[in-house]
Amino acid sequence: MANSNIPDIQREEWGKLISGEIIHEFKNYTLQVQLNRLQKKVKQGKFTAQYAKEQLFSLCSKYYLAANADLISIFKTW
Amino acid sequence: MERKLYTVSEVTKFIAQDKFMILTADEEILENLPKGNWIGGTIEYFIDKEGGKQSDQMVFVDDQTNEGTNFKIAKYDADKMETLSSDSFENGFTVVIIPIGSPAHTNFALHSLGYPDIFSNPVIGYVSGTNLDNPDETAKIFNGKTGEKFDDGLVALHVELPAEKTARLDIINIFTEKEDSDTISFQEDGLVQKECIVNGKVLDLIDYLKSVNHDTRFPMIANQLGARINKSFLTLNEETREVGLVAPVFKDETYKLAQNIDDYEAQFNAAIKAIPKTNYACNCVLNYLYGDFANKKVEATGATTFGEIAFQLLNQTMVYLVVE
């Protein structure tokens, strides 16, 4: 899952976004809606936190240009 | 091609030129167009270059020919829509149209975010409708490839983009929550509700809205991590106590009432100035009506629709797509 355009999936911030420990209102609509859905699914026990993290990482990888401003705000550097 | 209203004669030429288009017009106009590379939906309210316009003679054209490297047109039955995104290209976007009041409309409204791979590419589009003065009409969708029209299901134009381009979907919602609004929730998912829960108490929804003097031209809003998602009021039936909504509420979401808006035109024009040139956009017919767009110059051209689609069913919102 290496992709230098976005932070490594091992960074703890990804998991904290899923758990809600990091509260960030994405500027990007797609990321807002998908993260909101993933958080709900994990709370409902329908997705594991790991699966949700991979889904979020995958979406940010695909839309790294659109996600860039949000990722800088959350991760600062990578 | 410029996104605007065209005559039937002009559109017939575009079809002959094999352009890949989303066409929006009156039912009689669409059913008499030649077969070709287009999908269509019935609506006769638009925001054209000069501003709001109602027309049962002209066709709003969203042409995607120059953006795409490959295209697919498909019709999905209401119980097969979950395959929508699996059919899309590796890199691209999908424009969809669904008729209002159909089983497909309800199915998509309640379940679209659970469709496999729904976020793999932007899914944008609208809910088709009817002339507002003829409520007995039925909304239609068209598969231009086959010339067929339907009152249920979903038509899609899948567009493939070259590797160096990405489609970005976004929304403009001019509504914000009232600062003093209660937090409202519901016991069931759905487009029709009789009761709501406020401060732990189950209340009659109509009575509650009256008790707080809420103007039902303005929606309830869910905040999905910053994305403000409207749930507009369609009907309030005093006898059955049922409140009809344009987009469904969900029991695992909370809502706040929206603030009143005095100047739709100024609000929209300010928001639109902040976005880049769009490759596709549509706006809600409720904004057209309540904002009196028929008599105003609003910069966001497109069909004004009976529900907007941005992965999920939205309303009182403008949705747009930018290819970057």
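The values are calculated or read from the model by the stated rules, or taken from the named source; none is laboratory data. Since the structure is predicted, the reported quantities are computational estimates derived from the model, not experimental observations. Positions of Cβ are backbone-derived with ideal geometry, glycine not excepted, and every protein chain shown enters the neighbour counts. Accessible surface areas use protein heavy atoms only, side chains included; no ligands, DNA or RNA. Shrake-Rupley method; radii C 1.70, N 1.55, O 1.52, S 1.80 Å.
Values for this structure:
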item	result
Loop-located trypsin sites (Lys or Arg not before Pro) in region B:1-37, at most 13 other Cβ atoms within 10 Å (DSSP)	B:K35
Overall form of region B:1-147 per C-alpha gyration tensor (a/c, 1.5; a/b vs b/c)	oblate
For residues of B:225-235, the mean tally of beta carbons on other chains within 10 Å	4
Rg/Rg_ref, region B:238-294, where Rg_ref = 2.2 N^0.38 Å and atoms are Cα	1.52
Fraction of accessible area attributable to carbon and sulfur, the protein assembly as shown (%, probe 1.4 Å)	46
Cα radius of gyration and Dmax for region B:224-324 (Å)	14.8, 51
Highest-MSF residue in chain A out of A:Q55, A:Q34, A:Q44 [GNM, Cα springs under 10 Å]	A:Q44
Net charge over other residues, Cβ less than 10 angstrom from the Cβ of B:N143 (K, R count +1; D, E count -1)	+3
Local net charge near A:I72, Cβ-Cβ under 14 Å (Lys/Arg +1, Asp/Glu -1)	+1
Taking chain B and dividing mean pair separation by its residue count, relative contact order in percent (alpha carbons under 8 Å, at least six apart)	22
Qualifying lysines (Cα of each under 17 Å from Cα of B:K201; at least 8 residues distant if same chain)	B:K210, B:K251, B:K256
Whole-number percent relative contact order across region B:136-274, with pairs defined as alpha carbons under 8 Å at least 6 apart	25
Cut-off 14 Å between beta-carbons: net charge of the residues surrounding B:I47, Lys and Arg +1, Asp and Glu -1	-3
Max mean-square fluctuation residue, GNM over chain B, Cα-Cα springs under 10 Å, options B:N91, B:N279, B:N199	B:N199
Once the Cα gyration tensor of region B:184-257 is diagonalised, semi-axes √(5λ) in Å	18, 13, 12
GluC sites (Glu not before Pro) lying in DSSP loop within region A:1-72, provided at most 10 other Cβ fall within 10 Å	A:E21
Nearest-10 value in Å² for the accessible area of B:I141, using the 1.4 Å probe	0
Qualifying trypsin sites (Lys or Arg not before Pro) for region B:230-268 [loop in DSSP, other Cβ within 10 Å: at most 16]	B:R241, B:K251
Surface accessible to a 1.4 Å probe, B:T94 within the full protein complex, Å²	0
Solvent exposure of the protein assembly as shown as accessible area per residue, Å², 1.4 Å probe	42
Kirkwood-type radius of region B:268-307, with distances r between different C-alpha atoms, in Å	10.7
Alpha-carbon centroids, region B:2-79 and region B:240-265: separation in whole Å	31
Rg to Rh, two decimals, where the protein assembly as shown supplies the alpha carbon set and Rh follows Kirkwood	0.96
Hydrodynamic radius (Kirkwood) for region A:12-75, which is based on Cα pairs only, to one decimal in Å	11.6
Percentage, to the nearest whole number, of Cα pairs in chain B over 37 Å apart	13
Chain pair A, B: total accessible area buried, heavy atoms, 1.4 Å probe, Å²	1800
Whole-number percent relative contact order across region A:12-75, with pairs defined as alpha carbons under 8 Å at least 6 apart	40
Listed residues B:L205, B:L225, B:L30, most fluctuating in chain B (Gaussian network, C-alpha, under 10 Å)	B:L225
